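Written below as structure tokens is the structure these notes are about.
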Amino acid sequence: MAREAFADRNYNPDGTLRSRREPDALIKDPALAAERAVRMARDGVIVAYDGSEVPVRADTLCIHGDEPTAPAVAEALRAALAAAGVEVKGLARRQ
């Protein structure tokens, strides 16, 4: 089992994902998504859309590949996590 969080989605103060019906549901700015990913990995928090901090435990980070900004977001996340000293690695497979 791996816990997943979303670097490119906004969260509600209760830790649920912001509805995609809301205009601010997706984080399309690569720098902002990267900043959020580092906070999740390093500090165990995500900042909700209202500015509150929500605890989060994530083993994996999801990026929505159906968004045109996905490649730029992925590059920014990788660079920011490396700069923050966060090791990026694949999940171990069970045999």
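The values are calculated or read from the model by the stated rules, or taken from the named source; none is laboratory data. Model, not experiment: these values are computed from the prediction. Cβ atoms come from the backbone with ideal geometry, glycine included; neighbour counts cover every protein chain shown. Accessible surface is based on the protein model in full, side chains and every heavy atom, while ligands, DNA and RNA are left aside. Shrake-Rupley method; radii C 1.70, N 1.55, O 1.52, S 1.80 Å.
Just a few scattered comments:
- Amide H contacts under 5 Å for residue 26: 10, restricted to partners 5 or more places along the chain or on a different chain, H placed in the peptide plane at 1.01 Å from N.
- Distance distribution P(r), the chain, all Cα-Cα pairs, bin width 10 angstrom from 0: 17, 50, 29, 4, 0 percent.
- Å² per residue, accessible surface of the chain at 1.4 Å: 65 Å²
- Fraction of antiparallel bridges per DSSP, the chain only, in percent to nearest 5: 60 percent
- Highest mean packing comes first when the peptides 83-91, 66-74 are listed by Cβ atoms within 10 Å, giving 66-74, 83-91.
- Added length on full extension, which subtracts the Cα-Cα distance from 0.36 nm per residue, residue 50 to residue 82: 8.7 nm
- Stretching residue 24 away from residue 64 to a fully extended chain increases their span by 12.9 nm, per 0.36 nm per residue minus the current alpha-carbon distance.
- A DSSP coil position with no more than 13 other Cβ atoms inside 10 Å describes the following trypsin sites (Lys or Arg not before Pro) in region 1-82: 3, 20, 21, 57.
- For residue 45, the amide hydrogen comes within under 5 Å of the amide hydrogens of 40, 56, counting only partners 5 or more places away or on other chains and with H modelled in the peptide plane.
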